[in-house]
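Provided herewith is a single structure, encoded as structure tokens, for subsequent inquiry.
The values are calculated or read from the model by the stated rules, or taken from the named source; none is laboratory data. Quantities reported herein were computed from a predicted structural model and do not represent experimental measurements. Positions of Cβ are backbone-derived with ideal geometry, glycine not excepted, and every protein chain shown enters the neighbour counts.
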């Protein structure tokens, strides 16, 4: 067996060993396992919504408006007789979709800007980071509302607004990591042998930034779901009659005294999903952060 084959075999073996260690650390973190279980459950509900929803979420029944939870309607009905359980199940699909797309926009844009700012520095860094500071100067929900004022209502515009709001977090995270890595010996060695800038960024810097990005993206998804619910509550996100958790709470507040379940169940769905993502994200942080290894 050649030296190259031996080296490749050793690399694969080391990778498998590291993966096994990470899995063991994750499995030992009960909070992370619980968070992953909650998230996978909500994801399964979203994917299987057409099969799990007992009724059509858009079907109205004026003969059964504001019905209390019962065997026929487990979570009750709303002001036009729609089954709340069915609307929550379909709302999971929309809320998770918005969260994933919004985080994707933030992650890709913020990572690119952070890599460029940290690696090239000087005026490029100043321009990019001052723009990030301007975005961070506004409360996230107010900035999202301002962006949607220009773009208009709708779920697509809501995803763009939430995505833009989250860009500075990823840009600052990546920039800080790049500034730390630039002075390391392996980067200086790559420069010494004549490696191009794009190769250095792609092969030597980005892989070392990926772990904190994964953690931040997981935690950022919970924030995106909350912001999407807030926009829906304000009537700026998903438009009726589509089922969305924030909009369901907004409609239920008018009946808070005689039908409080209209608020309780959508609120519980939001809280459960966000809790699961936060527990999962905290677990990933503990596992992937080398400073926390025992």
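So, of the residues in the stretch 77-92 that are crowded, with 16+ Cβ neighbours inside 10 Å and under 14 Å from residue 249 (Cβ atoms), which turns out to be nearest to the chain's Cα centre (by Cα)?
91
If a residue counts only when it is at pLDDT 90 or above, which helices (runs of 4 or more DSSP H) contained entirely in the stretch 1-104 have at least 3 such residues?
30-47, 49-52
While we're on this one: Filter the stretch 65-76 down to residues that are on the phi < 0 side of the Ramachandran plot and in contact (Cβ under 8 Å) with a residue 40 or more places away in the chain and give me whichever is surrounded by the most Cβ atoms within 10 Å (Cβ to Cβ). Lay out the reasoning, then the answer.
The initial filter retains those residues of the stretch 65-76 that are on the phi < 0 side of the Ramachandran plot, namely 65, 67-75.
Next, only the ones that are in contact (Cβ under 8 Å) with a residue 40 or more places away in the chain stay: 68-69, 75.
Working: 68: 11, 69: 15, 75: 24.
Ranking the candidates gives 75 first.
Has the stretch 200-218 got any residue that is within 22 Å of residue 39 (Cβ to Cβ) and free of Cβ contacts under 8 Å to residues at least 40 places away in the same chain?
Yes, the conditions are met somewhere in the stretch 200-218.
Determine which member of the set 105, 88, 101 is closer than 26 Å to residue 208 by Cβ, touching a residue at least 60 places away in the same chain (Cβ under 8 Å) and in contact with a helix residue (DSSP H, G or I) (Cβ under 8 Å, 6 or more places away or on another chain).
Criteria check complete, one pass: 105.
Of all the helices (runs of 4 or more DSSP H) wholly in the stretch 175-255, which have at least 2 residues that are buried (at least 23 other Cβ atoms within 10 Å of the Cβ) and at pLDDT 90 or above?
Here the list reads 206-233, 245-252.
Is one or more of the residues making up the stretch 51-64 within 19 Å of residue 274 (Cα to Cα), within 29 Å of the chain's Cα centre (by Cα) and free of Cβ contacts under 8 Å to residues at least 12 places away in the same chain?
No.
Out of (1) under 26 Å from residue 237 (Cβ atoms); (2) free of Cβ contacts under 8 Å to residues at least 24 places away in the same chain; (3) buried (at least 18 other Cβ atoms within 10 Å of the Cβ), what's the single condition that is false for residue 167?
(2)
Report yes if some residue within the stretch 146-154 is assigned to a helix (DSSP H, G or I) and within 19 Å of the chain's Cα centre (by Cα); otherwise report no.
Taking every residue of the stretch 146-154 in turn, none turns out to be assigned to a helix (DSSP H, G or I) and within 19 Å of the chain's Cα centre (by Cα).
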